[in-house]
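Just so it is clear, none of the values below were taken in a lab; they were calculated from the coordinates. The structure presented is a predicted model; accordingly, all values stated were derived computationally and were not measured. Positions of Cβ are backbone-derived with ideal geometry, glycine not excepted, and every protein chain shown enters the neighbour counts.
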Amino acid sequence: MAAGAGVGALCRRLTGSLRLSGVRPGLVTAGTPGLTPNLFHKSQAKVDLLHQLKFLHTTLSRKGLEEFFDDPVNWGEKSVKSGDAWNIKQLRAKSSEDLHKLWYVLLKEKNMLLTLEVESKRQLKPMPSPERLEKVEESMKNIDLVVREREIALRLLQTGHEKPVPGEWRHDFLGRTYWYSYKEWPIPWYLNKKYKKRKFYYLPHVERFIRLRLEQSLRTRARRQSLEKTKQKLLERKFPHLAVKSQSQ
């Protein structure tokens, strides 16, 4: 009798738990024996959601702050082999999606190299292959140029304007030329006191200073070119074998 009462109490508790959890007895008896499929019925959607959320991570789960440091194989090496920078011709052949992915790969590489540079300065040791940072920066600059070219081409096709905001070339009171972007004002321009204070012209006596400024810029450029030629001749005189090799190429 005691055993029968215990079994009856167990059955009543089991029936009460099924009623509270919202599981119908017909589903339990119709499926496979046991309560496992019905107990996980409500949590199945949560499992699928977690399975989908893991694709949002761009970093592998087994790596964390380790990606800010170089590969342990390269630790202690004086030089590390690396490829050349991405040039514009190679990047133009890639799609926008590939450029987007490559940008973030180079960004992670740049962060790692900057971390390595700071750590080398802290330890008062030379950074292994510092030219890698220059190659990464050059590649990112070329990607930016290619993306800007595509944006300009698309804008010319859609609107006929090269600039993102329409405008025109204007002069300031010193005779300098700059691009003025059109803006929306709540009142007409002839009633706008702030706009009327701006001068988009220069007086005739400023023309002399414009010529002097142009002459100064031309002299500065000529002086820079002369300095580069002098430096090149000095290097050719100091390293004649390199000069002959460059002339043969």
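Under the combined filter of DSSP loop state and at most 11 neighbouring Cβ atoms within 10 Å, region 131-238 retains these GluC sites (Glu not before Pro): 162, 184. Set the bar at 27 Å for Cα to Cα. Now go through 110/183; 81/229; 78/135; 121/238 and name every pair that lies beyond it. Those over the limit are 110/183; 81/229; 121/238.
Between residue 219 and residue 176, what is the FRET efficiency for a Förster distance of 22 Å, r being their Cβ-Cβ separation, to the nearest 0.05?
Details: r = 18 Å, r/R0 = 0.84.
Given R0 = 22 Å and the Cβ-Cβ separation, E is 0.75.
Extension gain, residue 226 to residue 101, is 40.7 nm, computed as 0.36 nm per intervening residue step minus the present C-alpha separation. With N as its number of residues, region 145-193 has a Cα radius of gyration that, divided by 2.2 N^0.38 Å, comes to 1.52. The smallest convex shape that holds all Cα atoms of region 162-215, its convex hull, gives 92 Å³ per residue.
Kirkwood-based Rg over Rh for region 105-238 (C-alpha set), two decimals?
Values: Rg = 24.2 Å, Rh = 21.1 Å.
When Rh is taken as the Kirkwood radius, the ratio is 1.15.
Rounded to 0.05, the FRET efficiency of the residue 203 and residue 150 pair, given R0 = 30 Å and the Cβ-Cβ distance, is 0.10. For residue 197, a cut-off of 16 angstrom between C-alpha atoms picks up these aspartates and glutamates, skipping any fewer than 8 places away in its own chain: 172. Here is the list for region 113-220: trypsin sites (Lys or Arg not before Pro) lying in DSSP coil, each with at most 12 other C-beta atoms within 10 angstrom of its C-beta, are 176, 183, 198, 199.
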